[in-house]
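S.K.: Have a look at this one.
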Amino acid sequence: MIITRLIGGLGNQMFQYAFGKNLAIKNKTELKIDTSVLLDRSQKENIVHRNFDLDIFNIETKFASKHDIKKCNSNNLNYRVLRKINKYSLVLEEYNYNNEKLLQIRNNTLIQGYWQNYKLFSDIDNQIKNDFTLSFNLNNKQKELSEKINNTNSVCVNFRRTDYINIVGTNKLMGELSLKYYEKSINYIAERIDNPYFYIFSDDIEWCKENFKISFPCTFVEHEYAGEKFKIYLQLLSECKHQIIPNSTFAWWGAWLNKNPKKIVISPKQWFTNEEKNSQTVDLIPKTWIRI
């Protein structure tokens, strides 16, 4: 078995699942999910408690038992890289991990990390897209908006604010994108497609309505369309023909799941505030995406 330990919100859990799924397929074994970190509600500074979010998708989830986890965790938790100890092993993410070595991880391993790297599952793209099919139907209002998105030259503009602004540790790690980034990105797309129509998505849509000014036709997508765990937001994000995303894995997946073969996706050059960590995003952003 391959066990993937989930940490973070929906976007991060999707990366962790995708890498674990690829390893399970390569090893002809099953993937199990460890939610022990998500279930830990002890008070920790600058931590946003998260829930298991992958249940919004049409995937069959098998959860790792305490016995499964103990077998892999019986070794030193500080053990860092790809060495077999007895029968089981634990692999923790490092900055300078090697894709080829990671894809050689063998059976009976627990992986723990963010794994924000599309190359770790690129050889099973279709499988992952199928797994990340949402398990719900849209209501009438949501269908109406979906039809508008699909029948216009739609561009998603996504703002990520709440925890990036209000949580000290998150703000230090991720920073805050300037409005100039969005202005440049909008101009880039407007110069390349006809009659763009912009759909504004955000976890703080009221701030966007007050502070984000745009001279093109647009719709601010209210939270009545967000759905539980923002699952409908993710659906609508991915239906837009083009995307302007922040440094957010949730928005990243909305763009990656976009099926338009001619899509334009714009992402920020500065994904992390730390330069060393930012340099590791070379395999986070696909080569066809534009970085501004």
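The numbers here are math on the coordinates, done by the rules we state, and not lab data. Keep in mind it's a predicted model, so treat the numbers as computed, not measured. Positions of Cβ are generated from backbone atoms using ideal geometry, with glycine treated the same way; all protein chains shown enter the neighbour counts.
S.K.: Given the rule -39500 (n - 2.57) for each run of at least 4 DSSP H residues, summed and divided by the residues of the chain, what is its mean residue ellipticity at 222 nm, to the nearest 500 deg cm²/dmol?
M.R.: Mean residue ellipticity at 222 nm (helix-derived): -9500 deg cm²/dmol.
S.K.: Students often check this: by mean Cβ neighbours within 10 Å, which of 176-184, 106-114, 50-58 ranks highest, and how do the rest follow?
M.R.: Packing order, densest peptide first, comes out as 106-114, 50-58, 176-184.
S.K.: Which of LYS213/LYS263; LYS119/LYS277; LYS209/LYS277 have a Cα-Cα distance over 26 Å?
M.R.: Flagged as over cut-off: LYS209/LYS277.
S.K.: Separate question: Computed FRET efficiency, Cβ-Cβ of GLU222 and ASP123, R0 41 Å: what is it to the nearest 0.05? Display every interim value, and only then the final one.
M.R.: Details: r = 39 Å, r/R0 = 0.95.
That gives a FRET efficiency of 0.60.
S.K.: Can you pull the semi-axes for the chain, root of five times each eigenvalue of the Cα gyration tensor, sorted largest first, whole Å?
M.R.: Working from the Cα gyration tensor, I get semi-axes of 34, 20, 19 Å.
S.K.: Would you please give the residues with an amide H less than 5 Å from that of TYR197, counting only those at least 5 places away or on a separate chain, with H modeled from the backbone geometry?
M.R.: ASN153, SER154, VAL155
S.K.: Right, next: Taking the mean number of other Cβ atoms within 10 Å as a proxy for protection, how do you rank 123-132, 146-155 from highest to lowest?
M.R.: Order by mean packing, descending: 146-155, 123-132.
S.K.: Right, here's the next one. Each label point is 7 Å from the Cα along the Cα-to-Cβ direction; what then is the distance between the points at GLU191 and ASP163, in nm?
M.R.: Modelled inter-label distance: 3.5 nm.
S.K.: Still on this structure: To check you understand DSSP bridge types, tell me what percent of the beta bridges within the chain (both residues inside) are antiparallel, rounded to 5.
M.R.: 5
S.K.: Mind checking the full-extension length gain between LYS263 and PHE63? Use 0.36 nm per residue of separation minus the Cα-Cα distance, one decimal, nm.
M.R.: Using 0.36 nm per residue and subtracting the Cα-Cα distance, I get 68.4 nm.
S.K.: Now for a different question. Can you pull out the cysteines in the chain that have no other Cys Cβ under 4.7 Å?
M.R.: CYS72, CYS208, CYS218
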